[in-house]
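Single-structure report; data block below.
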Amino acid sequence: MHVHKLTDVGRKRNTNEDAALTASIGGRHLLIVADGMGGHAAGDVASDIATRKIQAAVERSFPTDQAEYEAILERAIDEANDEIQSTAAGDPSLSGMGTTVVAALVDGREATIANVGDSRCYHIDDDMQQVTVDQSLVQELVAAGEITEAEAEDHPQRNVVSQALGTTEDVEPDFYRQTVEGTLLLCSDGLTEKVSDSTIQNTVTEETTLSDMAEALVHRANQNGGSDNITVAMCTTSEEK
């Protein structure tokens, strides 16, 4: 299993509020992308706390039974949420900070994925599958049949998330299981708002290494305006990557 991460400030922002982490823990791989809340105080602090706290909590667990992975990620996200809230409570300048998070714990070819907010996980092999479902206002409108997927792409409230770490006492992550037959891609919306799914898929399949994939994805997002921070964390089963 090969892993790689890359984060970029983009072309419009002065601060990178995203954070990415990849770690090997007891023969398993942990990947995290956190997108600090734009327009809120200290989003970079919140995303940094989220990645570090989740890693520390997972490292303490060292699970042996894959059935436990959802519970491990849930506890880790709860601890991160508590830490962000307590940090903000102790410093008025950090009041209101928050972050999305998508995390994958990969054991062999099996990944357990947790998601809060609108950062995403994709699986890319011969085709491309969006594994996670956004926790966002527009996704709720799509699910209710009030707007179409096409209308959601340009909706004026498309960046409003329905959940984020640090903004509420309790968060409820969504969980997914995915067999990794190709490349698992975690990313912030700085990528997905500027690069189409088809371009993401073509980029991943055309490049020869994870490093090249990540650089090319970030480059394409910046070419298309780079209006937000851009972050990816990736893993693959391919020996060639």
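Annotations
- Residues of the stretch 57-106 satisfying the condition of being polar (S, T, N, Q) and touching a Ser or Thr at 6+ places or on another chain (Cβ under 9 Å): 66, 81, 85, 99, 100
- Residues located in the stretch 84-128, provided they are in contact with a strand residue (DSSP E or B) (Cβ under 9 Å, 6 or more places away or on another chain) and among the polar types (S, T, N, Q): 85, 99, 100, 112, 115, 119
- Scanning the stretch 163-188 for residues that are of a type outside the set (Gly, Ala, Ser) and either part of a helix (DSSP H, G or I) or surrounded by 19 or more Cβ atoms within 10 Å (Cβ to Cβ) (or both) returns 163, 165, 167, 171, 173, 178, 180, 183, 184, 185, 186, 187.
- Only residues that are within 17 Å of the chain's Cα centre (by Cα) and either outside any strand (DSSP E or B) or among the basic types (Lys, Arg) (or both) were counted across the stretch 12-30, and they come to 2.
Per-residue answers, yes or no, for (1) modelled with pLDDT under 95; (2) of a type outside the set (Ser, Thr, Tyr); (3) closer than 21 Å to residue 161 by Cβ:
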{"site": "23", "(1), (2), (3)": "no, yes, no"}
{"site": "27", "(1), (2), (3)": "yes, yes, no"}
{"site": "30", "(1), (2), (3)": "no, yes, no"}
{"site": "39", "(1), (2), (3)": "yes, yes, yes"}
{"site": "57", "(1), (2), (3)": "no, yes, no"}
{"site": "65", "(1), (2), (3)": "yes, yes, no"}
{"site": "92", "(1), (2), (3)": "yes, yes, no"}
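- Subset of the stretch 196-237 (residues that are out of contact with any Gly (no Cβ under 9 Å at 6 or more places or on another chain) and charged (D, E, K, R)): 197, 206, 207, 212, 215, 220
- Any hit, the stretch 154-174, residues being over 22 Å from residue 100 (Cα atoms), acidic (Asp, Glu) and either at pLDDT below 90 or over 16 Å from the mean Cα position of the chain (by Cα) (or both): no
- Among (1) modelled with pLDDT of 95 or more; (2) in a loop (DSSP other than H, G, I, E, B); (3) under 15 Å from the mean Cα position of the chain (by Cα); (4) not hydroxyl-bearing (Ser, Thr, Tyr) - the single one residue 191 does not satisfy: (2)
- Residue satisfying condition, being under 15 Å from the mean Cα position of the chain (by Cα) and either buried (at least 23 other Cβ atoms within 10 Å of the Cβ) or in contact (Cβ under 8 Å) with a residue 24 or more places away in the chain (or both), within set 58, 33, 9, 45: 33
- Boolean, residue 142 is more than 18 Å from the chain's Cα centre (by Cα), surrounded by 17 or more Cβ atoms within 10 Å (Cβ to Cβ), at pLDDT below 85 and not aromatic (Phe, Trp, Tyr): yes
- Pick from the stretch 101-137, criterion in a strand (DSSP E or B), among the hydroxyl-bearing types (Ser, Thr, Tyr) and modelled with pLDDT of 95 or more, ranking: farthest from residue 186 (Cα to Cα): 112
The values are calculated or read from the model by the stated rules, or taken from the named source; none is laboratory data. From a predicted model like this one, the values you see are computed outputs, not experimental measurements. Glycine also receives a Cβ, built like all others from the backbone with ideal geometry; neighbour counts cover every protein chain displayed.
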